[in-house]
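J.: Got a structure for you, questions after.
Rule-based calculations on the coordinates, nothing more; no lab input. These numbers come from a predicted model, not from an experiment. Backbone-built Cβ (ideal geometry, glycine too); neighbour counts: all protein chains shown.
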Amino acid sequence: LRVLATTRNAELFAGATCSVDVIHVGSITAEESKQLFSMEEASPEVDEALSEAFSVCSGNVALLNILNKLSAGRADRLSTFCRRLKTRGLSAVTATTAFEYESMHAALSVSVERLPACDRDTLACAIWALVVPVDVVDADESEFLMLLSDRLTRLCENGDWLSHNKQNDTFRFSRMVEIYLRETVEAQTVKTLISMLKSRLERIQQDDIGNPVIKEFFLKHSFFYKSVHGISY
């Protein structure tokens, strides 16, 4: 007897008493995305609109179908709704389709609510991932990286929030998830994180014998801190 089960939480299979083959179902390809929209007219404008739609949706079929319905076969309308997604967030684009939810914002919010508290905290901070390494100032680097990898791996297996490159143990948000998090992470949470970052940077600048790994990290990403957070190091 074989049972086929679908879930967004691969950890559920850990309790199985028999062998389990976990098959990850990824997003559709760029070519499949173009076929979904069925735009007959060939032009640079159409190609650009289809490419942007695939990019902002990260190949997510549900969100692509929402854009497909709203665009009504017109490249200019598709570009408009892609722009709205990027500037106003996932909640700004809604439509009734075969998908259970009218927007990806609603769907992802339900997914967040089902996460354990520790995973929600990790997710809220992960979009500001370059803040995280300041916490290794008083910790062993290898131990911290191992613990951080474990926490992020949980988000890969519980909701597919991140993609994991196992070769070099790196993690990446899809563009769709990034748009969602930037829209939903509370402003106060962000202010607190930035405040923590500034205080740690000041401490590192004043301490000539600080952890060289941390100093190297901040120097490497100095452009990010300056352009995004207005912090010079």
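J.: Given H placed 1.01 Å from N in the peptide plane, which residues other than close sequence neighbours of L162 have an amide H under 5 Å from its amide H?
T.: Here the answer is C156, since their amide H atoms fall under 5 Å of that of L162.
J.: If neighbour count is taken as other Cβ atoms inside 10 Å, put V25, V93, V185 in order from fewest to most.
T.: With the fewest neighbours first, V25, V93, V185 line up as V25, V185, V93.
J.: Next question. What nm distance separates the two modelled labels at S55 and R74, each placed 7 Å from Cα along Cα→Cβ?
T.: So the two model labels end up 2.3 nm from each other.
J.: Given the Cα-Cα distance of H24 and E48 and 0.36 nm per residue of separation, how much length would full extension add, in nm?
T.: Separation in residues times 0.36 nm, less the Cα-Cα distance, equals 5.7 nm.
J.: Another one. If you rank I28, I66 by fewest surrounding Cβ atoms within 10 Å, what's the result?
T.: Ordered by Cβ neighbours within 10 Å, fewest first: I28, I66.
J.: Turning to a different aspect of this structure: What length, rounded to one decimal in nm, is gained on full extension from K220 through to Y101, with 0.36 nm per residue of separation minus their alpha-carbon distance?
T.: Result for the pair: 38.7 nm of gain on full extension.
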